[in-house]
Amino acid sequence: MAHDPSDLAQLAARAVLIMADGSRTDFEDVFHPEALNRESAAEPPECRAAGPAGFHASAIWLRRTYADLRWKIHEATASQDIAAVHTTMSGRQIDTFVVYDGQGVPEQAFPATGRSFAVTQTHWFRIADGTVREHWANRDDLGMAQQLGWVPPTPVYLFRMWRATRAARWAPVPSAVTG
């Protein structure tokens, strides 16, 4: 793929869209073997791996939690080796969403509410030689938490969060790669 800005913008948009339903092969086509996801720090340990494996694990982690997971692309643009994609992420929470600490231990769990959400995000990509080398994002996590009913938490939901966090800390972590 050339360094044409429209080609870079298309690759960046594809990198976002395959999170919803892309195969491992799709991730291997888009992400460099050493690609870095700067957003993986609060994700399960397998999502922190470099390259397609880590990005695919992040997708599986999100797909397990959110049904009907989609990203709508509003704009995609590129300049030099950087591409930006303005999106809306949407879905419905069907499973517990777990946030992890720096050591990969479950830090907080948000039990499924069955609610839907739609929030804007901007994803940034560094691209070289036709593959994504680096990713970072700006997300409306507070808006998502409000739409899903996590914030402000009711006393009942706080109790459910405590139970879910406790269960996540004691349960074996499912492999995102096989999901």
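Taken together, the values in this text are just the output of simple stated rules run on the coordinates, not laboratory data. Note that the structure is a prediction, hence the values are computed from the model and not measured. Note that each Cβ is placed from the backbone with ideal geometry, even for glycine, and that neighbours are counted across all protein chains shown.
As a test of the formula, what do you get for the chain when each DSSP H run with n ≥ 4 contributes -39,500 (n - 2.57) and the sum is divided by the residue count, at 222 nm and rounded to the nearest 500 deg cm²/dmol? Intermediate results must be reported in sequence, preceding the final value.
Working: 5 runs with 63 residues, N = 179.
Value at 222 nm, helices only: -11000 deg cm²/dmol.
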Under 19 Å from the ARG70 label point (7 Å along Cα→beta-carbon), backbone N, the stretch 19-35: 19-23
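Under unit Cβ charges (Lys, Arg +1; Asp, Glu -1), what dipole magnitude, rounded to 20 debye, does the stretch 105-151 have relative to its Cα centre? If you can, show how the numbers build up before the last one.
Working: 4 positive and 5 negative charges, 19 e Å.
Here the size comes out at about 100 debye.
If a helix is a whole DSSP H run, which ones in the chain reach 15 Å or further along their own axis (Cα) and hold a mean Kyte-Doolittle hydropathy of at least -0.5?
Values: long enough: 5-21 (25 Å, 0.80); 51-65 (22 Å, -0.03); 155-170 (23 Å, -0.33).
Going by DSSP H runs, the hits are 5-21, 51-65, 155-170.
Excluding GLY102 itself, calculate the net charge of residues whose Cβ lies under 13 Å from the Cβ of GLY102, where each Lys or Arg counts +1 and each Asp or Glu counts -1.
Surrounding charge for GLY102 is -2.
Which FRET efficiency, nearest 0.05, do GLN108 and ASP7 yield, Cβ-Cβ r, R0 25 Å? Provide the component values of the computation, followed by the final result.
Details: r = 40 Å, r/R0 = 1.59.
Here the calculated transfer efficiency is 0.05.
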Approximate spin-label separation ASP29-ARG139, in nm, with each point projected 7 Å along Cα-to-Cβ: 2.5 nm
Extended-chain gain in nm, criterion 0.36 nm per residue less alpha-carbon gap, ALA42 and ALA167: 43.2 nm
Rounded to the nearest 20 debye, dipole of the stretch 1-141 from Cβ charges on Lys, Arg, Asp, Glu: 400 debye
Virtual spin-label span in nm between PHE159 and GLN80, 7 Å along Cα→Cβ: 5.6 nm
Anisotropy class of the stretch 87-145 from Cα gyration tensor, a/c 1.5 cut: oblate
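Find the eigenvalues of the gyration tensor of the Cα atoms of the stretch 57-122, then list the square roots of 5 times those eigenvalues as equivalent ellipsoid semi-axes, largest first, in whole angstrom.
Details: eigenvalues 134, 60, 16 Å².
Semi-axes (√(5λ), whole Å): 26, 17, 9.
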Two-decimal log10 I(q)/I(0) for the chain, as the Debye equation yields it once each C-alpha is a single scatterer, q = 0.13, 0.17 Å⁻¹: -0.65, -1.07
